[in-house]
1. Can you name every residue in segment 169-183 that is surrounded by fewer than 19 Cβ atoms within 10 Å (Cβ to Cβ) and either of a type in the set (A, V, I, L, M, F, W, C) or within 15 Å of T96 (Cβ to Cβ) (or both)?
2. Return the residue satisfying two criteria in turn: it lies in segment 312-326 and is among the acidic types (D, E) and either assigned to a strand (DSSP E or B) or in contact with a Cys (Cβ under 7 Å, 6 or more places away or on another chain) (or both), and of such residues it is surrounded by the most Cβ atoms within 10 Å (Cβ to Cβ).
3. Out of (1) part of a strand (DSSP E or B); (2) over 15 Å from the mean Cα position of the chain (by Cα), what's the single condition that is false for D56?
4. In this structure, does K336 turn out to be free of Cβ contacts under 8 Å to residues at least 60 places away in the same chain, of a type outside the set (V, I, T) and outside the structural domain of M69 (by TED's automatic domain parsing)?
5. Consider V119 against the criteria (1) modelled with pLDDT of 95 or more; (2) out of contact with any Ser or Thr (no Cβ under 6 Å at 6 or more places or on another chain): it satisfies all of them except one. Which criterion is unmet?
6. If I filter segment 36-47 for residues that are within 25 Å of the chain's Cα centre (by Cα), buried (at least 23 other Cβ atoms within 10 Å of the Cβ) and touching a residue at least 12 places away in the same chain (Cβ under 8 Å), do I get at least one hit?
Amino acid sequence: MRRVIACKAATALLLGAAGLMINFSQMSPVSAEMQDKVYVQPERPDIPGLVVSPTDPLQKLTARSAIVMDTVTGQVLYERDIDTRRYPASTTKMMTLIVALEHGRLDDIVTVSKHAEGVEGSTLWLVQGDKIPLEELLTGMMMHSGNDATVAVAEHIAGSVPAFVEMMNEKAAEIGAYNTHFVNPNGLPDENHYTTAFDLAKIAAYGYNLPHFEEIVSKQEVIYDWVKDPAKKLRNENQMLWLYRGANGVKTGYTDAAGRCLVSAARRDGMQLVAVVLDSYYMWNDSIALLDYGFQNARPKTLVKKGEVVAKVEVADGRQDEVELVAAESLVAVEKLGETGKVEKKLEIPEEVAAPIKKGDVVGKVVCYYDGKRQGAIYLLAAKDVEYYSFWDNLLNWWREFWKGIF
């Protein structure tokens with residue numbers, strides 16, 4: 001119990017030191033969703049080593065590195081020192097979540113090892129032998145920043161932490177996060193564990209294209225039987241989920257070496273933006289200012305609407321010759337005011353699919369291209385079931401009809 005109280009006290013001190021000019025107790029999820037709040041951005045204090053360009057439109061921003069980016073086009077709406085390598089702290093856990101989602105099953109049962117139980121830093125107070133569904137463990141990891149959960153997940157997915165970290169680095173390269181290198185799945189300090197604001201924005205944008213990513217990173221509160229607290233409740237440490245209308249992620253982070261870090265995200269008018277602040281003095285205020293700036297300087301361009309029939313594809317050996325494909329989600333690109341980047345959509349669908357097909361099966365994608373470069377995408381789903389019906393079924397049916405005609 002003393003450990004729990006100490007951790008909560010430390011969190012409160014960090015929030016106070018961050019200088020957020022907002023009363024959290026008066027905020028609610030409803031108020032954050034229903035209306036915009038007017039926040040007073042405090043004057044930027046004297047921060048040693050921080051140099052802000054006179055042309056920077058966000059003069060009060062206190063982060064050493066910051067970015068706002070559209071997840072669909074990859075278009076950068078604001079940037080400050082986005083390619084400088086910095087420590088990511090627990091924002092690392094975004095990549096842990098991505099690798100786990102791509103290589104695990106959410107209904108897997110994860111058994112916590114002694115190695116996982118003993119991890120230093122922020123914790124979910126896991127105990128050796130705990131058996132927890134992967135989905136719940138990932139949710140708790142992102143909400144409460146459990147370093148112990150990252151080790152349990154890594155061992156479950158890859159057999160060991162080093163093997164899992166190798167998968168993280170491979171995925172970073174695949175995403176295009178070329179200035180990123182991980183040595184652990186949680187963000188504990190290491191001189192060889194680094195990233196950039198630009199890379200973290202790319203990683204977050206990639207995550208929003210994955211099933212279940214947004215669902216997990218946007219949860220505000222959950223109740224799980226395995227939580228050691230008597231209330232069995234976890235509350236997300238990302239206050240943006242309460243503070244900002246449309247907020248739907250992503251991850252906080254703090255170490256002495258990294259400073260205050262936050263990857264935040266919000267969707268408005270169909271536009272999905274991510275914002276990153278690294279080594280920020282006023283983490284929450286900076287993030288609000290960044291997202292506000294992004295939405296104020298962009299307009300939506302709807303490429304596909306959710307449920308829209310986008311294409312048809314031929315079906316082999318089916319009772320129907322073709323099946324309609326509908327958009328699983330809306331695909332909304334951002335057009336930056338004053339710029340004319342070319343946004344277009346392309347279909348990635350097979351020439352033919354084989355029956356049987358179930359309604360909701362993933363059959364293809366709609367992909368957004370920005371200035372000729374492949375960016376975000378949404379899935380295309382089969383609009384209905386198509387039963388298997390082979391050549392021999394056709395022949396048998398013809399034979400039956402033939403004899404009916406005779407007799």
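1. So in segment 169-183, the residues surrounded by fewer than 19 Cβ atoms within 10 Å (Cβ to Cβ) come out as 169-170, 173-176, 178-179, 181, 183.
Answer for segment 169-183, where residues must be surrounded by fewer than 19 Cβ atoms within 10 Å (Cβ to Cβ) and either of a type in the set (A, V, I, L, M, F, W, C) or within 15 Å of T96 (Cβ to Cβ) (or both): N169, E170, A173, I175, H181, V183.
2. E324
3. Checking D56 against (1) part of a strand (DSSP E or B); (2) over 15 Å from the mean Cα position of the chain (by Cα), the one that fails is (1).
4. When the stated conditions are applied, K336 does not pass them.
5. (1)
6. no
Condition check ((1) among the aliphatic types (A, V, I, L, M); (2) over 23 Å from M69 (Cβ atoms)) across all residues:
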{"site": "W226", "(1), (2)": "no, yes"}
{"site": "P230", "(1), (2)": "no, yes"}
{"site": "L234", "(1), (2)": "yes, yes"}
{"site": "N238", "(1), (2)": "no, no"}
{"site": "L243", "(1), (2)": "yes, no"}
{"site": "N248", "(1), (2)": "no, no"}
{"site": "K251", "(1), (2)": "no, no"}
{"site": "D256", "(1), (2)": "no, yes"}
{"site": "S264", "(1), (2)": "no, no"}
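Residue-wise test of (1) farther than 18 Å from V276 by Cβ; (2) surrounded by fewer than 18 Cβ atoms within 10 Å (Cβ to Cβ).
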residue: M167; (1), (2): yes, no
residue: P185; (1), (2): yes, no
residue: N192; (1), (2): yes, yes
residue: A197; (1), (2): no, no
residue: L200; (1), (2): no, no
residue: E214; (1), (2): no, no
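The values are calculated or read from the model by the stated rules, or taken from the named source; none is laboratory data. Since we're looking at a predicted model, the values are computed, not measured. FYI the Cβ positions are ideal-geometry reconstructions off the backbone, even for glycines, and counts take in every protein chain you see.
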